[in-house]
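**Student:** Let me give you the structure first, and then I'll get to my questions.
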Amino acid sequence: MGRKLLLEKAHIEGIRYYDTYRREGGYAAVEKALKMTPDEVTDQVKKSGLRGRGGAGFPTGMKWSFLAKPEGVPRYLVCNADESEPGTFKDRYLMEHIPHLLIEGLIVSSYALGSNRTYIYIRGEYAWIVDILEQAVAEAKKNGWLGNNIKGSGFNLEIYVHRGAGAYICGEETALIESLEGKRGNPRIKPPFPAVKGLWDCPTVVNNVETLAAVVPIINMGGEEYAKIGVGKSTGTKLISACGNINKPGVYEIDMTISVEEFIYSDEYCGGIANGKRLKACIPGGSSVPILPANLLLKTAKGETRMMNYESLADGGFQTGSMMGSGGFIVLDEDQCVVRHTLTLARFYRHESCGQCSPCREGTGWMEKILKNIEYGKGKMSDIDLLWDIQRRIEGNTICPLGDAAAWPVAAAIRHFRDEFEWHVTNREECLKRNYGLANYAEPIKATA
Amino acid sequence: MAEEKKLFKVTIDNITIEVEPGTTILNAARMIGGDVAPPAMCYYSKLKGSGGKCRTCLVEVAQGSTADPRPMPKLVASCRTNVMDGMVVKNITSERVLDARNGVVEFLLINHPLDCPICDQAGECHLQDLSYEHGKAGTRYEFQRRTFEKHDLGPYIQLHMTRCILCYRCVYVADQVTNKRVHGVLDRGDHAEIATYIEKALDNDFIGNVIDVCPVGALTDKTFRFKNRVWFLKPVDAHRDCPKCAGKVTLWYRGDEVFRVTGRKDQWGEVHDWICNECRFEKKKTSDWVIEGPTRVSRHSVISANHYVNVAKPEEKLPQIMGRPPKITLNIHDISDVNKPEIHLSELPGPAHSDDFNK
């Protein structure tokens, strides 16, 4: 039984409201933090080894310590709730069920960073969550947790909820800042980094919802205690949103010591592959990380059991590994066609590219068109190599990581499932009638490597 | 205040130069000049905030600085990266850079209509130069090219959205040179386009400058449309006493007729001064102007391939860096019967005619 820190109380009835949340021990972290100095709070976060939960996995304490602190210039904390990655819905669950945890985390983090105005930039499609959050903010304010001189500490804080207009790119921190400023959501060119010049050219920290929520248990239990959960540099718990062909899709909190196999097959988590099918592949961290075939997913190339944590999922680099990413765990069973799946992702990235820099603007559209041809039986063998060449020239050459995010799924699909692409090219008639999966698994793939 | 400013030493393609702190790699490379300067499609030194978008100026940083000699893992946009003391940059000596640049050119061209034969920009188009220098002859793109609905931008400026490479320069011009911007980038991704939100004419006094900054033929002069090819025109520097702008322009003659008026451009294709719409569109008589003499033609013009007297030849850096002679550029005399080297085009009294060469 894994340890739960964030969702421990999420099932309690009425936890969405202040009274229940407070009765269950809420806002204790704020009380504790306000008695510490801001630097001590940052220190606890550093000691906890908490890593950014939005995808990149950058140590949060380090990010906070990079924040420039010039005299007379306001600093801002922005909560990135623009959760738009296909397959990721953990923040939504958290904000929907236990919004006060986020507010509490925001107050503590704002105190640590010295931000008097903190913004929650929420995805436009999460319209109903805006109401939930605004109600939570109002309740917190009514009870003196927000506003001027919070609980006599002399610390002032206002939290504003800002709705995005429905762009994936606004989840990128600099695009988010642009959008928050009321401009077109184009990512900025770095440097300068937001820690130096962010929102309205002031030092800014942008953190994911889950990261900020995790600050609450860190303060409650102490950074060192928090660091004992998990293994190595993957400390604490992580929310995983599991979806795809599994028996029990949903949001799970894991403590990063379980194996991928256990996560997929145990009844506590995903409950195995739906309809008794076999596992074919999985995207372990949201749509932009590389897809892994079953054998590489369950065991690393070295033959070790792959665990659900940052290091183990990334073991083997992109050749034989993947990434923890944002925790969008997408499982594909034996009937799914990787080409079709890759096409879906490529279409998404084409649609969401901001169009600012040329490789991403033109390359994403080109990849989608080629994938469409292959999927619909009009592909050529040379198209597969062309796809490889296009993704290679997008990756690393763009302003923001969306270019990489568009290139990686295509690269991994070709790297691990090239035979499927070739089957589509050589069986033009058949690939119109049925999926590769349904057609070609007479030879069973090994469910466990 | 006698303290001397410390200069940063930066090595670009094995050539070391000392520049002031805060200089970008691109500008440092431009100081060296010649082939060392990376191509730039979106960066414009006179527009604040421009650059970083087209990715043609990507360079490899082999050594970050003396203090931190680690190389940068990714290629960086030289137009937006400042030099550090002891930085070592590889531009044309890096295979990675050339490959990435080749890729960028390909990306820029897949949706470009390649309608150079009917494009007014042909001959002074930066995309032509770029694809000639860094692109491939063939294309691997087999799909229909992107098209847009037409937008009318008023009586002076013609918009061809299909040719646009979304460099954002015209947006910055409208932001920084005119007092109100009415056009911008609508939509996103590969369907992003330059347009006014609701069909509106661009009628600011200085909006004509978007024509000069456009690196391709997306924004062209309607008063010059289809009138002539730029390489048949002879550029002449002139000025007038203009109450609105500096009034320093280039007149483009054919025979004794002024076909168009543009700002004066330097060797990187950037204008020295912004000029007003009146100078650009209204004053098309020699009597309106005081003539200063023939313009020095930059390498960005096909005119420099003709035997024009006042060509500013780029400095040759290639032999020094690569140890090989430069790629032989197209010599017009090898393939054409006209334009004989011994006859100076700029000295012909009227428009160039084949009779002039076949005497």
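**Student:** If I ask for residues that are among the polar types (S, T, N, Q) and touching a residue at least 40 places away in the same chain (Cβ under 8 Å), which ones from the stretch B:169-187 would you list?
**Tutor:** If the condition is that a residue be among the polar types (S, T, N, Q) and touching a residue at least 40 places away in the same chain (Cβ under 8 Å), then B:GLN176 is the only one that fits.
**Student:** When the residues of the stretch B:75-85 are narrowed to those that are assigned to a strand (DSSP E or B) and crowded, with 18+ Cβ neighbours inside 10 Å, which ends up farthest from the other protein chains (Cβ to nearest Cβ)?
**Tutor:** B:VAL76
**Student:** How many residues are within 30 Å of B:THR81 (Cβ to Cβ), of a type outside the set (Ser, Thr, Tyr) and at the interface with another protein chain (Cβ under 9 Å from one of its Cβ atoms) if we restrict to the stretch A:372-406?
**Tutor:** Counting residues in the stretch A:372-406 that are within 30 Å of B:THR81 (Cβ to Cβ), of a type outside the set (Ser, Thr, Tyr) and at the interface with another protein chain (Cβ under 9 Å from one of its Cβ atoms) gives 8.
**Student:** Could you identify the single residue in B:ALA122, B:ALA100 that is among the small types (Gly, Ala, Ser) and either under 16 Å from B:ASP35 (Cβ atoms) or within 13 Å of chain A (Cβ to nearest Cβ) (or both)? Let's see the steps before the verdict.
**Tutor:** On the way: B:ALA122 fails: either under 16 Å from B:ASP35 (Cβ atoms) or within 13 Å of chain A (Cβ to nearest Cβ) (or both).
Just one listed residue meets the conditions, B:ALA100.
**Student:** Still on this structure: Looking at the stretch A:69-90, which of its residues are farther than 22 Å from A:LYS141 by Cβ and out of contact with any Gly (no Cβ under 8 Å at 6 or more places or on another chain)?
**Tutor:** Within the stretch A:69-90, A:PRO70, A:GLU71, A:GLY72, A:VAL73 meet the criteria.
**Student:** OK, next. From the list A:ARG428, A:ARG350, A:ARG361, pick out the single residue that is more than 22 Å from A:LYS280 (Cβ to Cβ), surrounded by fewer than 24 Cβ atoms within 10 Å (Cβ to Cβ), at the interface with chain B (Cβ under 10 Å from one of its Cβ atoms) and basic (Lys, Arg).
**Tutor:** Testing whether each residue is more than 22 Å from A:LYS280 (Cβ to Cβ), surrounded by fewer than 24 Cβ atoms within 10 Å (Cβ to Cβ), at the interface with chain B (Cβ under 10 Å from one of its Cβ atoms) and basic (Lys, Arg) leaves just A:ARG350.
A quick yes/no check of all residues on (1) aliphatic (A, V, I, L, M); (2) outside any helix (DSSP H, G or I); (3) surrounded by 21 or more Cβ atoms within 10 Å (Cβ to Cβ):
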| position | (1), (2), (3) |
| --- | --- |
| B:ARG55 | no, yes, yes |
| B:PRO73 | no, yes, no |
| B:THR93 | no, yes, no |
| B:PRO117 | no, no, no |
| B:GLU124 | no, yes, yes |
| B:LYS136 | no, yes, no |
| B:TYR141 | no, yes, no |
| B:PHE148 | no, yes, no |
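**Student:** Continuing with the same structure: With respect to A:PRO284, is the statement that it is surrounded by 24 or more Cβ atoms within 10 Å (Cβ to Cβ) and touching a residue at least 12 places away in the same chain (Cβ under 8 Å) true?
**Tutor:** Considered against the rule, which asks whether it is surrounded by 24 or more Cβ atoms within 10 Å (Cβ to Cβ) and touching a residue at least 12 places away in the same chain (Cβ under 8 Å), A:PRO284 comes out as yes.
**Student:** Additional query: Those residues that are in a loop (DSSP other than H, G, I, E, B) and under 20 Å from A:GLY316 (Cα atoms), I need them from the stretch A:368-427; list them, please.
**Tutor:** A:GLU395, A:GLY396
**Student:** Considering only the stretch B:163-171, I want to know if a residue exists there that is within 14 Å of chain A (Cβ to nearest Cβ) and over 21 Å from the mean Cα position of the chain (by Cα).
**Tutor:** Among the residues of the stretch B:163-171, not one is within 14 Å of chain A (Cβ to nearest Cβ) and over 21 Å from the mean Cα position of the chain (by Cα), which makes the answer no.
**Student:** Among the candidates B:ILE12, B:ILE17, B:ILE32, single out the residue that is buried (at least 23 other Cβ atoms within 10 Å of the Cβ), of a type in the set (Val, Ile, Thr) and either farther than 15 Å from B:ALA100 by Cβ or in contact (Cβ under 8 Å) with a residue 12 or more places away in the chain (or both).
**Tutor:** The match here is B:ILE12.
**Student:** Mind listing whichever residues of the stretch B:91-121 are among the aliphatic types (A, V, I, L, M) and either touching a strand residue (DSSP E or B) at 6+ places or on another chain (Cβ under 8 Å) or under 20 Å from B:CYS167 (Cβ atoms) (or both)?
**Tutor:** Looking only at the stretch B:91-121, we keep the residues that are among the aliphatic types (A, V, I, L, M), and these are B:92, B:97-98, B:100, B:104-105, B:108-110, B:114, B:118.
B:VAL97, B:ALA100, B:VAL104, B:VAL105, B:LEU108, B:LEU109, B:ILE110, B:LEU114 - these are the residues of the stretch B:91-121 that are among the aliphatic types (A, V, I, L, M) and either touching a strand residue (DSSP E or B) at 6+ places or on another chain (Cβ under 8 Å) or under 20 Å from B:CYS167 (Cβ atoms) (or both).
**Student:** Same structure, new question: For the stretch A:32-55, name all the residues that are surrounded by 15 or more Cβ atoms within 10 Å (Cβ to Cβ), more than 15 Å from A:LEU113 (Cβ to Cβ) and either without any contact (Cβ under 8 Å) to a residue 60 or more places away in the chain or not small (Gly, Ala, Ser) (or both).
**Tutor:** A:LYS32, A:LYS47, A:ARG51, A:ARG53
**Student:** Working carefully through the options B:ASP190, B:ASP129, find the one that is charged (D, E, K, R), within 30 Å of A:GLY166 (Cβ to Cβ), in contact (Cβ under 8 Å) with a residue 40 or more places away in the chain and part of a helix (DSSP H, G or I).
**Tutor:** B:ASP190
**Student:** Among the strands (runs of 3 or more DSSP E) confined wholly to the stretch A:60-178, which include 2 or more residues that are modelled with pLDDT of 90 or more and farther than 21 Å from A:ILE218 by Cβ? Show your work before the answer.
**Tutor:** Numbers: elements: A:75-81, A:115-122, A:158-163.
Answer list for the stretch A:60-178: A:115-122, A:158-163.
**Student:** A further question follows. Report yes if A:GLY14 is over 19 Å from A:LYS238 (Cβ atoms) and without any contact (Cβ under 8 Å) to a residue 60 or more places away in the chain, otherwise no.
**Tutor:** Answer is yes for this residue.
**Student:** If you don't mind, another one. Just one of A:GLU311, A:GLU268 is under 21 Å from A:GLU210 (Cα atoms), charged (D, E, K, R) and not assigned by TED's automatic domain parsing to the domain that holds A:ALA413; which is it?
**Tutor:** Testing whether each residue is under 21 Å from A:GLU210 (Cα atoms), charged (D, E, K, R) and not assigned by TED's automatic domain parsing to the domain that holds A:ALA413 leaves just A:GLU311.
**Student:** Before we move on, is B:VAL88 part of a helix (DSSP H, G or I) and either without any contact (Cβ under 8 Å) to a residue 12 or more places away in the chain or touching a Ser or Thr at 6+ places or on another chain (Cβ under 7 Å) (or both)?
**Tutor:** Details: part of a helix (DSSP H, G or I): no; either without any contact (Cβ under 8 Å) to a residue 12 or more places away in the chain or touching a Ser or Thr at 6+ places or on another chain (Cβ under 7 Å) (or both): yes.
Against the criterion (part of a helix (DSSP H, G or I) and either without any contact (Cβ under 8 Å) to a residue 12 or more places away in the chain or touching a Ser or Thr at 6+ places or on another chain (Cβ under 7 Å) (or both)), B:VAL88 does not qualify.
The values are calculated or read from the model by the stated rules, or taken from the named source; none is laboratory data. Computed from a predicted structure; not experimentally measured. Because the Cβ atoms are built from the backbone with ideal geometry, glycine has one as well, and the counts that use them run over all protein chains shown.
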